[in-house]
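Student: So that we are looking at the same thing, I have put the structure below in structure tokens.
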Amino acid sequence: MKRVLVTGAGGFIGSMVAEELCRLFPDTQVHGIDNFDDTYDRWIKQENISACAAQANFSYTECDIADRSAVTAVFDKFQPTHVLHLAAKADTRAAVSNPYPYIDTNITGTTHILDLAATHKVTQCVMASSSSVYGNSTNVPWSEGQHELQPISPYGVTKLSTEHLAFAYHHNYQLPVTMLRYFNVYGERNRPGMVPYIWTEKMLKDEAIEISGDGSRRRDYTYIGDVVDATIKALQTNLGCDVLNIGYGQPLSLLELKDNLQTAVGREVAHSFRPSHNASVEQTYADTSKAKELLGWQPQVSHTEGFKRLVDWFRSSRIEKLK
């Protein structure tokens, strides 16, 4: 890998992968792009980017992937050999009330990235997809061979659309693309709107948490370090055009998540229940055997250890800034 372009490099997963790429491959140039949108406070992405910028082989451009001319300029100047496309609008529930920004970024923006990657004949393209493409399927664990995919949020629809776009670009331009269906990623630099982040903050402040539904809903929480490992392996492996689940493979209910976080924090907090959102699926549950076979990857970090790392990071890097 000579030159890796990372979209969404200021985000949760993007910044973690970009920083690890720089560390593992000091002779590889890594260039990040991010539009620093207002989904959450700008300083969070700036802090993420700063951690990457501490590496000598990292550079970045503030750029919106929905802006074709701006992205073209980045490709023309950087001439990437590999593309890691992680930029996206990612709030499932918000997409229900306002789907248009999700279409602009996730579909139009992804088309720009795929088209330019094909034009520049990149060696390998890896894209972030999502477990949201499975919708509310009761056929668990979910495997990549399931064909009746019915996402229940416009966000999931956009992610499934990008998978079809990737296949079309592979078919017509022989662009190598691996799509990674990430499952409920958590850990250091967690995106603020996600439940593990929200609950960790409240628990550390000794505030009550709110549980959706009756607490039985299950999520396949997957530690960020394992996700970074899988993503880098995918960048190094040309599978032609394929899709892989990246998950832990052992879902936790919301009540079990609460117990895990309380153990990591070291205190119990009060909780209440609220009605579920209509776009919330009942469970996410990954069959990861394909990733193990094709990438030699499997998750290493247990829930106990992963949530401890999240809480430790929050204590050291977030709690004072949020007071």
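Student: Among the hydrophobic types (A, V, I, L, M, F, W, C), in contact (Cβ under 8 Å) with a residue 12 or more places away in the chain and either in a helix (DSSP H, G or I) or touching a Gly at 6+ places or on another chain (Cβ under 7 Å) (or both): is that true of V228 in this structure?
Tutor: In short, yes.
Student: Anything in the range 24-47 that is in a helix (DSSP H, G or I), over 22 Å from G109 (Cβ atoms) and of a type outside the set (F, W, Y)? List them, or say none.
Tutor: Hits for the range 24-47 are L24, E47.
Student: When only residues in the range 231-242 that are of a type outside the set (D, E) and not in a loop (DSSP other than H, G, I, E, B) count, which is surrounded by the most Cβ atoms within 10 Å (Cβ to Cβ)?
Tutor: The residue in question is T231.
Student: Can you pull out every residue in the range 192-225 that is surrounded by 22 or more Cβ atoms within 10 Å (Cβ to Cβ), among the aromatic types (F, W, Y) and in a helix (DSSP H, G or I)?
Tutor: Across the range 192-225, the qualifying residue is only W199.
Student: Further question on the same structure: Given the conditions (1) assigned to a helix (DSSP H, G or I); (2) touching a residue at least 40 places away in the same chain (Cβ under 8 Å), and given that F273 satisfies all but one, which numbered condition is not satisfied?
Tutor: The failed condition is (1).
Student: Which of the residues that make up the range 125-152 are part of a strand (DSSP E or B) and more than 19 Å from P251 (Cβ to Cβ)?
Tutor: Within the range 125-152, C125, V126, M127, A128 qualify.
Student: Of all residues in the range 66-93, which are free of Cβ contacts under 8 Å to residues at least 60 places away in the same chain and part of a helix (DSSP H, G or I)?
Tutor: Those that are free of Cβ contacts under 8 Å to residues at least 60 places away in the same chain and part of a helix (DSSP H, G or I): R68, S69, A70, V71, T72, A73, D76, K77.
Student: Right, another one. Condition (residue is farther than 30 Å from L21 by Cβ, in contact (Cβ under 8 Å) with a residue 12 or more places away in the chain and in a strand (DSSP E or B)) applied to the range 247-258: is it met by at least one residue?
Tutor: Looking through the range 247-258, at least one residue is farther than 30 Å from L21 by Cβ, in contact (Cβ under 8 Å) with a residue 12 or more places away in the chain and in a strand (DSSP E or B).
Only the coordinates and a few stated rules stand behind these numbers; no lab work does. Predicted, not measured: the structure shown is a model, and the values here were computed from it. A quick note on method: Cβ atoms are made from the backbone with ideal geometry, for glycine too, and the neighbour counts reach across all protein chains shown.
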